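In what follows, a structure is listed as structure tokens, so that the remarks can point back to it.
The values are calculated or read from the model by the stated rules, or taken from the named source; none is laboratory data. Because the structure is a prediction, the values reported are computed rather than measured. Cβ sites come from the backbone with ideal geometry, for glycine too, and all protein chains shown count toward neighbours.
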RNA sequence: GCCGAGGUGGCGGAACGGCAGACGCGGCGGACUUAAAAUCCGCUUCCGGCGACGGAGUGUGGGUUCAAAUCCCUCCCUCGGCACCA
């Protein structure tokens, strides 16, 4: 009698055996081609939930599939361990962030091991440990030395709850903190930035990477390239050592229609342009704008507000005197924080002009029926009017002509602007990699020398959010010696954005113990870049953009010889439970451990891959997983119970062979395309057929063995423990995971007998079985001769007969 | 508002110009059992019919085609991203 399927027991057994045999350890000295399959590492938030499994299990299937296909596969795992949640938990529960994080690491590592994935744990990377963040700091200094890291005083996004500055990418939705959803405010701070904008143009080129169009589009929009012109509008009374106000416009064709200028309230020239009479009003407006959160500034959006500075500019193209306003609808951080307003051809300027009773002259006109400019109508594009030498020209043409003309005259030039801003990396919090900089009264800003790295995070800081880094109050940390002159100096007390840690972690996996640099160049040369990167789409603009920027920066530093870190990207969807995203606060989280201890990891893995297409996500249903457990039991019994020949027939032999090859083909293609749900449906159909064959005993013992051997190999990436156990019981050589992936024979996979659908006027009226090699004449002949078709023909000659080989015959009467 | 993805049985989904509903869940019926669970077998889109069968049907309305869930246009809804970017 066959023994029952006991997943809990066999999973534990094989996990121990694989570890003992170092089955999944990989090195660079393999004759096989390399394949680097990377899954986004988890944040050390506490427990592994089913969402993590949803990310990890299918990517492990991919990695295992590639292994069986003969690749040397690196599929590493680690932890994104610095960041606010650890610190918040520390404040809330009085546990040190280090302890909280490392306890979580231990728990999550244990849980990750229960998935049965092929991770080579010798390569684990934990970003909060000194032997990792030493290199994060080292990379910071590299960027600093080439001017890619700089310090500047700027208005930054500030979360009043988290008490820290945030990068633009971390401001979510309508101006709220990515982490805690508190409305973000603007604050002037001296901060460290990475000059990602230097790579804006290059980052737009995604033609050489195999990424989802959606993600490429999101990055493109985030970078936000606009073309137009820079134009200098001379001030009526030059001030602050400047002769003109510079603006950027995407519509240089409308320059003759400018009736006023608007500066952002934060614009540097505002105090100089403001006349004494206007001073009180302007200052009140600025104060109000500063207090406003981004949310208030954007939701109060409909009504335009602003104040006249009292000053004027001259429009260089026509000498018109135009008043200068300040208004918060002009953003300080885009272009030059100043615009030329053309109310006739811009809805925002129009609204402002209406409110302040400013003239609205039309400079681009649609054409009437006689091809003449239609007076007084507003339009986006048309023919130029009231535009001096350009009158009568198509406006689209002037989009290029006017910038050239401006340049000739010395008033402006063709220009490109990006929405992307430099990446703010300073955080006024404790739990992050310290920025390796020292401030000396004599020498100024001094980088910490490489030999002094890492700048260790002191374990005994008071990590209470005060709006300043807790390190600032840690005297032993702050007070140091200047590396240059040896005099007294102070350390930078801000820490780095955790995205800095994750921007390069994939490099460290190639040689995690290497101590002469962030990674061993030899190992890097072998493994890099990443062949397949999988993870959630929530990282579309933050992490993925930062990582692409980093790779380019390191390339220019001579550390890497490629620009794109991730050749192929795949984003899985979200797994939901009870119709909602899983969240601890809602209490709708599925704990995988409960299932690991009952149905086993193989069932969880298989079920998660079955709920729907991976990129679309899916719904966890408590009784859905029962079906999958049932199926694995059926597979077990199918193979465990001895097979007996009863009535062997050549037809059944042929059919089984055909089905086997068809299944290999379908399963291989589906894994390649990440369609795990249909892969499993196909394997289920195959097992259903095998159950029929077993019942009938209709094939020879050897054919049966061949079929189940194939089934096991096809299922091995998905259910690694179950298949290993059955493979061993069945007498296969250890390990099934070292077996080559089955190949298929096109001829055997192809159908010999096909069902042709016979339609009359597009409606299915019959189905006929014909050999796959049937000719058109034979097929249509058979169709017309069918008893079920004849009545519809009514002895008439069909108007038309459409024949689609292998599919159907459609008779039009 | 703009950009993107999606809307198919009681449910998750399959098919992505050519048999709509593969596969699974649930439901119904049956076998086994003293009984239940488990397991196995059959049925299961809706309407009409005892039945063979006929009709309708893939968010809405239109179009292209011999043929549309699939392609094109209109509108509605859900989810994701961006949002005064000049």
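Some values worked out for this structure:
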| quantity | calculated |
| --- | --- |
| Strands (runs of 3 or more DSSP E) fully within the range A:213-280 counting 2 or more residues that are touching a strand residue (DSSP E or B) at 6+ places or on another chain (Cβ under 9 Å) and surrounded by fewer than 22 Cβ atoms within 10 Å (Cβ to Cβ) | A:225-239, A:242-249 |
| Lone unmet requirement of (1) more than 20 Å from residue A:812 (Cβ to Cβ); (2) without any contact (Cβ under 8 Å) to a residue 24 or more places away in the chain; (3) out of contact with any strand residue (DSSP E or B) (no Cβ under 8 Å at 6 or more places or on another chain); (4) not in a helix (DSSP H, G or I) for residue A:740 | (2) |
| Whichever residue in the range A:521-543 is closer than 13 Å to residue A:211 by Cα and at pLDDT 95 or above and, among such residues, is farthest from RNA strand B (Cβ to nearest atom) | A:531 |
| Hits in the range A:545-578 - residues which are surrounded by 18 or more Cβ atoms within 10 Å (Cβ to Cβ) and over 15 Å from residue A:202 (Cβ atoms) | A:559, A:566, A:569, A:570, A:571, A:572, A:575, A:577 |
| Selected residue [modelled with pLDDT of 95 or more and in a strand (DSSP E or B)] from A:506, A:439 | A:439 |
| Where residue A:147 falls short, out of the listed (1) in contact with a strand residue (DSSP E or B) (Cβ under 9 Å, 6 or more places away or on another chain); (2) in a loop (DSSP other than H, G, I, E, B) | (1) |
| Count of the range A:1-12 residues which are surrounded by 13 or more Cβ atoms within 10 Å (Cβ to Cβ) and touching a residue at least 12 places away in the same chain (Cβ under 8 Å) | 5 |
| Of all residues making up the range A:284-321, the number that are part of a helix (DSSP H, G or I) and either away from RNA strand B (no atom under 14 Å from the Cβ) or at pLDDT 75 or above (or both) | 8 |
| Residue within the range A:119-139 that is surrounded by fewer than 20 Cβ atoms within 10 Å (Cβ to Cβ), in contact with a helix residue (DSSP H, G or I) (Cβ under 8 Å, 6 or more places away or on another chain) and more than 30 Å from residue A:605 (Cβ to Cβ) present | yes |
| Filter pass, residue A:517 being within 16 Å of RNA strand B (Cβ to nearest atom) and either assigned to a loop (DSSP other than H, G, I, E, B) or within 24 Å of residue A:620 (Cα to Cα) (or both) | no |
| Out of A:568, A:579, sole residue that is more than 16 Å from RNA strand B (Cβ to nearest atom) and either over 23 Å from the mean Cα position of the chain (by Cα) or closer than 20 Å to residue A:63 by Cα (or both) | A:568 |
| Qualifying residue in the range A:100-117 (condition: surrounded by fewer than 20 Cβ atoms within 10 Å (Cβ to Cβ), away from RNA strand B (no atom under 16 Å from the Cβ), in a strand (DSSP E or B) and modelled with pLDDT of 95 or more) | no |
| Single unsatisfied condition, residue A:359 versus (1) within 12 Å of RNA strand B (Cβ to nearest atom); (2) modelled with pLDDT of 90 or more; (3) surrounded by fewer than 19 Cβ atoms within 10 Å (Cβ to Cβ); (4) within 30 Å of residue A:237 (Cβ to Cβ) | (1) |
| Per-region count, the range A:222-231, residues within 6 Å of RNA strand B (Cβ to nearest atom) and either more than 15 Å from residue A:255 (Cα to Cα) or free of Cβ contacts under 8 Å to residues at least 12 places away in the same chain (or both) | 2 |
| Matching residues, the range A:759-781, being at negative phi and touching a residue at least 24 places away in the same chain (Cβ under 8 Å) | A:759, A:760, A:765, A:772, A:776, A:779, A:780 |
| Set A:57, A:90, A:86: member being in contact (Cβ under 8 Å) with a residue 60 or more places away in the chain, in a helix (DSSP H, G or I) and either surrounded by fewer than 21 Cβ atoms within 10 Å (Cβ to Cβ) or in contact with a strand residue (DSSP E or B) (Cβ under 8 Å, 6 or more places away or on another chain) (or both) | A:90 |
| Residue ID - farthest from residue A:564 (Cα to Cα), chosen from residues in the range A:520-535 that are touching a residue at least 12 places away in the same chain (Cβ under 8 Å) and assigned to a loop (DSSP other than H, G, I, E, B) | A:528 |
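Here is a yes/no grid of residues against (1) more than 15 Å from RNA strand B (Cβ to nearest atom); (2) modelled with pLDDT of 85 or more; (3) within 48 Å of the chain's Cα centre (by Cα); (4) not in a helix (DSSP H, G or I):
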site: A:774; (1), (2), (3), (4): no, yes, no, yes
site: A:779; (1), (2), (3), (4): no, yes, no, no
site: A:787; (1), (2), (3), (4): no, no, no, yes
site: A:792; (1), (2), (3), (4): no, no, no, no
site: A:796; (1), (2), (3), (4): yes, no, no, yes
site: A:803; (1), (2), (3), (4): no, yes, yes, yes
site: A:811; (1), (2), (3), (4): no, yes, no, yes
